[in-house]
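Read-outs: derived from the displayed coordinates by stated rules, not from any lab. Every value quoted in this text rests on a predicted model; they were computed, and no experiment measured them. When we count neighbours, we look across all protein chains shown, and the Cβ atoms used for this are built from the backbone with ideal geometry, even at glycine.
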Amino acid sequence: MPTAADSIRELALGPLVDRSAFALAAMEEPLVWARKTVRRVLTGRIDQGRIDDAVLVVTELLTNAIRHAGGPVCLTLDLYEKGVIVGVVDRGRDTAAIPAAPGSLLADLQDEVSAPTGGTELPESGRGLFLVNAFANDWRVEPAPEGKVVTAAFCLTGSAA
């Protein structure tokens with residue numbers, strides 16, 4: 001399975017320009033703070049459409065961390081010459097709980113939709129990763145010392161959706 005570093009090489013984002021890491025564990029409103037911070041850090045570095053995509057993806061990743069893993073630990077923003085990689089580190093250790101590769105996302109949700117409902121209703125949760133898959137150029141989940149990290153990469157211009 002490719003790592004986040006492999007994804008960077010595959011996307012050819014160029015050299016690392018800047019890296020920011022933000023501790024979120026003690027924040028009262030991490031989602032609001034993260035949306036503002038992502039916009040502030042990325043403004044002037046990538047186009048507005050990609051900023052919107054990154055904000056949406058960060059919101060989804062943080063929401064998942066809060067809901068399923070006891071809260072986010074850290075938000076990372078790695079700025080490259082030709083793109084950005086966002087990451088959310090949380091305390092969850094079960095990397096199998098999230099599809100490790102984007103390709104398995106449709107199969108996993110299709111099984112979940114058709115089994116309990118006969119295929120007529122969508123499940124209450126689990127759709128956020130579809131947004132991550134649709135708006136990021138690539139994404140991954142990997143073990144991290146604190147638990148796991150979910151990263152999403154965005155090329156400099158043009159929406160993935």
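Hey, can you grab everything whose amide H is under 5 Å from the amide H of TYR80? Only 5+ residues off in sequence or another chain; H modelled, so Pro and N-termini drop out.
VAL17, ILE85
Would you tally the net charge around ILE51, using a Cβ to Cβ cut-off of less than 14 Å, leaving ILE51 out, and scoring K and R as +1, D and E as -1?
+3
Show me, for the stretch 15-26, the HN-Hα J-couplings you get by feeding each phi into the Karplus relation (A = 6.51, B = -1.76, C = 1.60, θ = phi - 60°), rounded to Hz, glycine and proline as x.
Computed from phi, the couplings for the stretch 15-26 are x, 5, 9, 7, 9, 10, 10, 10, 6, 10, 4, 9 Hz.
Add +1 for every Lys or Arg and -1 for every Asp or Glu among the other residues with Cβ under 9 Å from the Cβ of CYS74, and state the total.
Values: positive: none; negative: ASP90, GLU146.
Surrounding charge for CYS74 is -2.
Summing Lys, Arg as +1 and Asp, Glu as -1, what charge do residues with Cβ under 13 Å from the Cβ of ARG93 carry, ARG93 excluded?
Numbers: positive: ARG91, LYS148; negative: ASP90, ASP94, GLU142, GLU146.
For residues surrounding ARG93, the net value is -2.
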